[in-house]
């Protein structure tokens, strides 16, 4: 990601670095916030089933793919198949939007937020704020960041692969998480699901 030759000029490279830095700082704060809350949470029941590793894999592989198709070796092998330059600016927008959306989602959940799927005895079902419309806005934010990164590098192949990886990995994660929430909240969670979207409004 620190290769300026992947961008049209240094100004665009710096804009990308600023957007990525915003995302990384926000994520560090989220991890620290989660760790602080985890210490205080009573009677935690871990229902993760290894999906945290799946999410980490989705993020790592998506970033790797975005840069891989712009590296010297692969471009010599298959050539540079690029999308229009305007997608760079769309990518920046998605990076900022995704980071802001994820941060908003975590802030709304406060100490109910966990990086892995965990349930505790005092946890409530959050249905306010952005959760009135989408059940997994933090995941939406992450996917937008990963897709935005792919757009910034402008490979025509990377965004497709990133979307496939994200929907497979996060699809599995969401199934595990919803199973745990259904066990904890029962019909209240079913009623909540009945009038909200899982990930993408009006689609899924």
task: Calculate the tail of P(r) for segment 136-204: the fraction of all Cα-Cα distances greater than 18 Å, expressed in %.
output: 46 percent
- request: Tell me, rounded to the nearest percent, the portion of alpha carbon pairs in segment 80-188 spaced more than 22 Å apart.
  value: 40 percent
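What percent do you get for the relative contact order of segment 114-204 when only Cα pairs under 8 Å and 6+ apart count? Working shown, then result.
Details: 50 pairs, mean separation 43.3, N = 91.
In percent, rounded to a whole number, it is 48.
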message: Run lengths n ≥ 4 of DSSP H only: what is the helix-derived mean residue ellipticity at 222 nm for the chain, with -39500 (n - 2.57) per run over all residues, to the nearest 500?
response: -22500 deg cm²/dmol
task: Using only alpha carbon pairs under 8 Å that are at least six residues apart, calculate the relative contact order of the chain and give it in whole percent.
output: 31 percent
- prompt: Which entry in (1) 17.8; (2) 11.7; (3) 13.8 is this structure's computed mean projected area of the Cα convex hull in nm²?
  reply: (2)
- prompt: Can you tell which of 54, 183, 146 shows the greatest fluctuation in a Gaussian network model of the chain with Cα springs below 10 Å?
  reply: 183
message: If you fit an axis through the alpha-carbon atoms of helix 137-153 and take the longest principal axis of the Cα set of the chain, what angle between them do you get, 0 to 90°, nearest 10?
response: 10 degrees
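Read-outs throughout are calculated quantities, based only on the coordinates presented, and are distinct from any laboratory measurement. Owing to the predicted nature of the structure, the values given are computational and were not obtained by experimental measurement.
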